[in-house]
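So the structure is just underneath, and the comments pick up after that.
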């Protein structure tokens, strides 16, 4: 079972946006056993849409399109699909009323353009978009395939995929499984690693595909199996990775998987423990990573973005003399921040960061990128320092990741 | 002049990575006047690479490929290109010595696999990769087109594009310009905006293409012109956008590049005023939007992520009776949060949010998506309520945008 993903929009072709929709769709299709043959991005052009879809329908059973369903003149996907499938647009009452009600709740008037969003090709199955004004459309092709058109707004697309598309695909097709598993190695360059594990690699069964994914100081090794029985393939992959541990065990960090913050989220909910966060240089990013997850209010009491020294002292109770003496970016201040936020919130665990995100503020002894992070726990506190490069965005994101990992190491 | 961008790698097709390479390449090509006809991602398969390149070479003069040039067995791009162009691989001394020296500097031994990276198709022009071990390759096609193969490591690809590919393309082809300019509007929903500016839109000359790019509370309007004389097209676009200001001037934030928070950032720095933030449902996102900008420490004192009621009361000084009486998601609590964080930090301005991000916690009178936001200023406080949909991520991001805008309205 193969699928082609087509994202439509000039904004993709000129590099104005990063296409994350196709990433999310690819994951969801892989999860139910559908292989992606190709991903394409094309412009808002009728000719490009028609020729691309015709080619895609020849090579793939399933074609998923996103984009071009808005109310304005540059949105041409729906009209093009109607023409391609020889179908006229008719007004859909249910969708029309939904759009009207949705806009009314936001205090927006219902215009002729919005009415146009409820004009849908007669031949398609309408996929109700509970979260937006553009419905999805499901077309059955004469050859037994499926073309699905979804809005380009990421969260509307996500909901339609989960609630409408995936269940229908599972019902329509009998699907085998696809299994991917990725082991993270650290400290061996790709070429050396490949030589060291070559006999292990050569001994892999034909249906397991190995990929090397190099990044600075890290090589991820992915084993993939397509069209397999899930449990059996997973067991085989696990066993092969266990063999690998005998060869390069010291360099294996672990499996790629759910994010570290998601694992902390699960652990804290299960144990009924609470968390608070004191952030200087990461400026709210750690808190927002936790609060992005539904259910965070079960354990996250809150946090303090202690950007100024006054807030560090007045709210978190950091000792002003320590800031004078050691500087705001120091082990002692990081520890006092973690302990302070734990004390004032009554949380079981606390995370703190203080660092120099740049581009200004660095010095010879504390260059831009220097970040101290600390955790405070029922068993005491500890701190560590990491240098996280020279780019502000990267420093904030790396320091957030390091600090979260510190807590994970403690409670895992 | 058209180009096709092809990114190669199973990791793209299974959704393991987000493809940012094609975004960067598209921008650089647009900058020198080359239009992207199509972007494609395919797997590490010889058949897919050959058939895709053959098709791309028919529709585009320039084809840029990234990925599959590493030293391991899953990297097949180079061998496939050599076969396609009927060329044998020969050892390139210069590149071989470069790889050896590069690895030596990192303390890595030079292996047979690295030697393989200096084996290059005889017919190509080698593009020296100063920052990595995989050189780029430039192939002239019999039809007068160009196929360029670049490594997939973003940093190496970037340098090769800038230093080798772009200069050669400019030398090879006489190129016209492409001009894009994007104006940011806020506060008018897409459908209403389209009606309000329809006569302006209809009067645009044929060679200017208008695109609507909607986001929470913001619609970006992009005008694009292809194959034009740059100065003249830029002047025409500026003049058209000036006309637009006469219609919706109050809703225009500015040209893309300046977000609302960036404008607040500039204003506060210029006036020497300070800011503090108290966030419940937005959970740190507002603070992290400000702290992402270099120089935020000039005005941002900090913030409190007041997720639990205890923190709202104990740290921000919200009246517990008010929470009992009106609920944590209420006008009075939003105001007390804004005033509280302003008081305890001594900031000139404060922003606060309290809402129900869901999926749980909603009720009939306060459904998921209900968010109260408030600002406190030297001239008093005010609050407003907005419903921001039903999706957790969307609620957090919309509420953040609304709250930031509330402050902007006050100080602009």
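Computed from the coordinates by the stated procedures, all read-outs in this text should not be read as laboratory data. Bear in mind the structure is a predicted one, so any value in this text is a computation, not a measurement. Reconstructed Cβ throughout: ideal geometry from the backbone, glycine too, with neighbour counts over all protein chains shown.
Some observations on this one:
- Restricting the calculation to alpha carbons of the range B:78-123 gives Rg and Dmax of 12.0, 37 angstrom.
- Applying 1/(1 + (r/R0)^6) with r as the Cβ-Cβ distance of residue A:112 and residue B:365 and R0 = 35 angstrom yields a FRET efficiency of 0.55.
- Between identical copies, the spacing of residue A:218 label points, each set 7 Å from Cα toward the C-beta atom, reads 2.8 nm from nearest to farthest.
- Estimated D of the range B:1-143 in µm² per second, where Rh is the Kirkwood radius over Cα pairs and Stokes-Einstein applies at 20 °C, 1.002 mPa s: 133
- Distances, shortest first, from the label point of residue A:364 to those at the same position in the other copies read 7.2 nm; the point lies 7 Å along Cα to C-beta.
- Relative to the dominant Cα principal axis of chain B, helix B:230-248 is inclined by about 20°.
- Working from label points 7 Å from Cα in the Cα-to-Cβ sense, the residue B:119 to residue A:202 distance is 1.6 nm.
- With the cut-off at under 16 Å, measuring from each backbone N in the range A:393-412 to a point 7 Å along the Cα-to-Cβ line of residue A:186 picks out A:398-412.
- Normalised by residue number, the volume inside the convex hull of the Cα atoms of the range B:177-255 is 78 Å³ per residue.
- Peptide A:39-51 is shielded by partner chain Cβ atoms: per residue, an average of 3 of them sit within 10 Å of its Cβ.
- √(5λ) per eigenvalue of the Cα gyration tensor, the protein assembly as shown, largest first, Å: 42, 36, 27
- Cα-based helix-to-principal-axis angle, A:93-105 vs chain A, degrees rounded to 10: 30
- For the range A:60-210, the calculated P(r) over all alpha carbon pairs, in 5 Å bins from 0 to the bin holding the longest distance, is 2, 8, 15, 16, 14, 9, 6, 7, 7, 6, 5, 4, 2, 0 percent.
- Sorted from nearest, the other copies put their residue B:269 label points 4.1 nm away, the label point being 7 Å from Cα in the direction of Cβ.
- Between residue A:411 and residue A:104, the contour length at 0.36 nm per residue exceeds the Cα-Cα span by 105.8 nm.
- On the beta carbon distance between residue B:379 and residue A:76, with R0 = 60 Å, the FRET formula returns roughly 0.80.
- Alpha-carbon centroid distance for the pair the range B:9-57 / the range B:320-399, whole angstrom: 44
- Footprinting exposure proxy for B:155, A:155 (fewest neighbouring C-beta atoms within 10 Å first): B:155, A:155
- Ranking of B:351, A:311 by neighbouring Cβ atoms within 10 Å, starting from the fewest: A:311, B:351.
- Reciprocal mean inverse distance between Cα atoms of chain A - Kirkwood radius, Å: 24.9
- Cα-based equivalent ellipsoid, the range B:260-411: semi-axes from gyration tensor eigenvalues, Å: 24, 17, 12
- Principal-axis analysis of the Cα atoms of chain A puts helix A:46-59 at an angle of about 90° to the longest axis.
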